[in-house]
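Worksheet: the structure to be examined is printed underneath.
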Amino acid sequence: MLHIQQIKLLRQWRKLQHSGQKEEAENLLVELFLTINAISGGLRTTG
């Protein structure tokens, strides 16, 4: 389910970028990076 959250965050980030809301997009990056790190950490432990 984490990948679904990542997709939602990425879509929201892109929407903010295209609408010129750079500061809000930057704030969302922290959450997006957390999902990336969580997925990569999970893949690392699966062999």
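In region 17-28, the residues that are on the phi < 0 side of the Ramachandran plot form Cβ pairs under 6 Å with partners that are part of a helix (DSSP H, G or I) and not small (Gly, Ala, Ser), at six or more places apart or across chains, as follows: GLU24/LEU16; ALA25/TRP13; ALA25/LEU16; ALA25/GLN17; LEU28/TRP13. Within region 15-28, the set of residues being exposed (fewer than 14 other Cβ atoms within 10 Å of the Cβ) and under 10 Å from the mean Cα position of the chain (by Cα) is empty. Among residues that are on the phi < 0 side of the Ramachandran plot, in a helix (DSSP H, G or I) and within 10 Å of the chain's Cα centre (by Cα), LEU32 is included.
Values in this text are rule-based calculations from the coordinates and carry no lab data. Everything numeric here is computed off the predicted structure, so don't read it as measured data. In this analysis, Cβ positions are derived from the backbone assuming ideal geometry, glycine residues included, and neighbour counts consider all displayed protein chains.
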